[in-house]
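A.B. asks: Pasting a structure below so you can have a look.
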Amino acid sequence: MDSRASVVLVNGLWLGNPALWLLAWRLRRAGFQTFSFSYPSVRQDLRANAAQLNRFLVGVPGATVHLVGYSLGGVVIRALFQFHPVQRPGRIVLLGSPQSGNLAAQMLARRRIGRALLGRSVAELIAGTPQRWSWPARATGVIAGSRSVGLGRLVARLPVPNDGSVVVEETVVPGVHARLVLPVAHFALLLAPGVARQAASFLRAGVFESSR
């Protein structure tokens with residue numbers, strides 16, 4: 001695929017576009033056009049966030065549009081293809097995305113204030129709604145972290161390996177093309193140069209560097 005293909009980055013819970021800046025900059029240095037998508041991660045449910053992402057994608061140029069989803073952003077990408085399956089060709093990279101649920105969020109949601117902090121999209125995730133959706137038929141690479149440093153450890157005893165917020169096993173996607181576990185914490189998936197390098201490799205060639 002063309003190295004000048006567009007890449008849309010989708011943020012995670014409680015985050016905005018500034019959190020994506022460094023990863024976007026590294027992907028631009030790797031030759032991609034980057035666009036960052038921010039959405040109301042707490043207020044809206046997955047369907048509403050997917051509709052907002054679909055509208056955003058209309059304005060993204062290029063015949064090929066890749067998607068990179070960080071944490072909850074990867075679940076929003078899954079919702080995109082559930083409700084708006086007709087999209088331009090492109091690959092998907094998921095960074096620490098809890099596709100099969102999230103124990104830390106489940107424990108936090110036991111309290112009313114926790115449910116309010118997590119919002120509607122995460123409520124659907126821990127209720128199992130997106131897990132019933134088929135994964136889109138396009139090349140997908142998963143990068144998970146194994147450095148157990150993060151807020152999730154404050155609310156739950158997470159099985160190892162985990163990145164401090166998401167258990168590696170929670171990032172599993174049925175039929176995924178490639179998986180990689182790196183020694184980084186959850187938020188560091190947005191900051192570590194090795195993660196950006198591996199993401200660029202998969203977007204460009206459909207494989208991680210260590211798989212070549």
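A.B. asks: Return the pairs, sorted by first residue and then second, in which the second residue is in a helix (DSSP H, G or I), the first residue lies in segment 41-56 and is among the acidic types (Asp, Glu), the beta carbons are less than 7 Å apart, and the residues are 6+ apart or on different chains.
C.D. replies: Hits for this filter: ASP45/ARG120; ASP45/SER121; ASP45/GLU124.
A.B. asks: Can you tell me which of (1) closer than 23 Å to VAL172 by Cα; (2) in a helix (DSSP H, G or I); (3) among the small types (Gly, Ala, Ser) is the one GLY114 doesn't meet?
C.D. replies: Evaluating GLY114 over (1) closer than 23 Å to VAL172 by Cα; (2) in a helix (DSSP H, G or I); (3) among the small types (Gly, Ala, Ser) leaves (1) as the failure.
A.B. asks: Here are some conditions: (1) in a helix (DSSP H, G or I); (2) under 17 Å from PRO174 (Cβ atoms); (3) touching a strand residue (DSSP E or B) at 6+ places or on another chain (Cβ under 9 Å). GLN82 meets all but one. Which one does it not meet?
C.D. replies: For GLN82, the exception is condition (3).
A.B. asks: Residues being at pLDDT below 95, surrounded by fewer than 20 Cβ atoms within 10 Å (Cβ to Cβ) and over 15 Å from the mean Cα position of the chain (by Cα): count how many of those fall in segment 4-30.
C.D. replies: Total meeting the criteria: 2.
A.B. asks: Continuing with this model, one more query. Give the number of residues within segment 100-121 that are farther than 16 Å from LEU158 by Cβ and surrounded by 17 or more Cβ atoms within 10 Å (Cβ to Cβ).
C.D. replies: 4
A.B. asks: Run down VAL155, VAL195, VAL207, VAL181 and say which single residue is crowded, with 20+ Cβ neighbours inside 10 Å, β-branched (Val, Ile, Thr) and touching a helix residue (DSSP H, G or I) at 6+ places or on another chain (Cβ under 8 Å). Before the answer, list the steps.
C.D. replies: Details: VAL155 fails: crowded, with 20+ Cβ neighbours inside 10 Å; VAL207 fails: crowded, with 20+ Cβ neighbours inside 10 Å; VAL181 fails: crowded, with 20+ Cβ neighbours inside 10 Å.
Unique residue meeting the criteria: VAL195.
A.B. asks: Here's a follow-up. Hey, among the residues in segment 130-169 that are of a type in the set (Val, Ile, Thr) and part of a loop (DSSP other than H, G, I, E, B), which one's nearest to ASN102 (Cα to Cα)? Talk me through it step by step, then tell me what you get.
C.D. replies: Residues of segment 130-169 of a type in the set (Val, Ile, Thr): 140, 142-143, 149, 155, 160, 166-168.
Those still in the list that are part of a loop (DSSP other than H, G, I, E, B) too: 149, 160, 166.
Working: VAL149: 16, VAL160: 13, VAL166: 6 Å.
That would be VAL166.
A.B. asks: Name, by its number, the condition in (1) under 30 Å from ARG4 (Cβ atoms); (2) touching a residue at least 12 places away in the same chain (Cβ under 8 Å); (3) not in a strand (DSSP E or B) that does not hold for LEU67.
C.D. replies: Here LEU67 meets the rest and fails (3).
The values are calculated or read from the model by the stated rules, or taken from the named source; none is laboratory data. What you are looking at is a predicted structure, and each value in this text was computed from that prediction instead of being measured. Glycine also receives a Cβ, built like all others from the backbone with ideal geometry; neighbour counts cover every protein chain displayed.
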